[in-house]
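The structure appears right after this line, and notes come after that.
The values are calculated or read from the model by the stated rules, or taken from the named source; none is laboratory data. Since the model is a prediction, treat every value here as computed from it, not as a measurement. Don't worry about glycine lacking a Cβ; one is built from the backbone with ideal geometry, like all the others, and counts go over all protein chains shown.
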Amino acid sequence: MTESLYQMETDDAHPIDLVEHVIGANQWNHQRVGHDELAVEVAGRWCDYRLFFAWHQAAAAIHFSLALDMRVPQSKRGEVGGLLAKINENLWLGHFDLSPEDGLPMFRYAVLLRGTPGPSHAQIEELVNIAITESDRFYPAFQFVIWGGKSVEDAIACALIDPAGEA
């Protein structure tokens with residue numbers, strides 16, 4: 001850990017400042033949307049993901065979301081709801097849901113920080129890595145249901161297969 005990052009983690013830095021430091025160290029495109037918000041763009045396996053971090057002072061929590069670059073048509077939202085339930089049964093951390101406004105599938109998670117000096121570099125990196133890994137893992141399942149005409153069961157079965165190696 002660099003001295004400057006250690007110093008940031010032990011000082012009373014704003015939690016979004018700490019997140020921004022980690023994002024900058026990874027050279028990911030980002031923009032500070034407001035004092036308590038940060039938007040980030042990261043390349044995934046299947047598409048570019050839009051990440052959003054927001055600090056909620058009253059809850060002493062960072063809310064994190066990752067949006068998949070796809071829109072679920074209104075006619076498929078019922079089926080995708082069933083897929084979301086199956087996907088979420090297989091997650092230890094976070095959950096997927098569907099934005100009601102624009103039909104974007106999203107991975108969401110909140111980090112409670114009350115009583116701590118703030119998030120660590122490792123926590124932020126792990127949060128982003130988990131979100132990207134799970135989004136890459138289930139992105140094809142969304143595609144199968146939305147555009148491929150597959151059942152929820154078939155789509156989730158394909159997503160849960162662990163490949164041995166790469167082609």
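Considering the conditions (1) buried (at least 20 other Cβ atoms within 10 Å of the Cβ); (2) over 15 Å from Phe52 (Cα atoms), Ala131 is excluded by exactly one of them, (2). The condition (being surrounded by fewer than 19 Cβ atoms within 10 Å (Cβ to Cβ) and in contact with a helix residue (DSSP H, G or I) (Cβ under 7 Å, 6 or more places away or on another chain)) is satisfied by just one residue among Leu112, Leu104, Leu83, Leu93: Leu93. Of the residues making up region 58-70, those that are part of a loop (DSSP other than H, G, I, E, B) and not acidic (Asp, Glu) are Ala58, Ala59, Ala60, Leu68, Met70. Of all residues in region 1-24, exactly one satisfies the criterion of being buried (at least 18 other Cβ atoms within 10 Å of the Cβ), at pLDDT 90 or above and of a type in the set (D, E, K, R), namely Glu20. Count of region 25-57 residues, restricted to those that are assigned to a strand (DSSP E or B), surrounded by fewer than 16 Cβ atoms within 10 Å (Cβ to Cβ) and more than 13 Å from the chain's Cα centre (by Cα), is 7.
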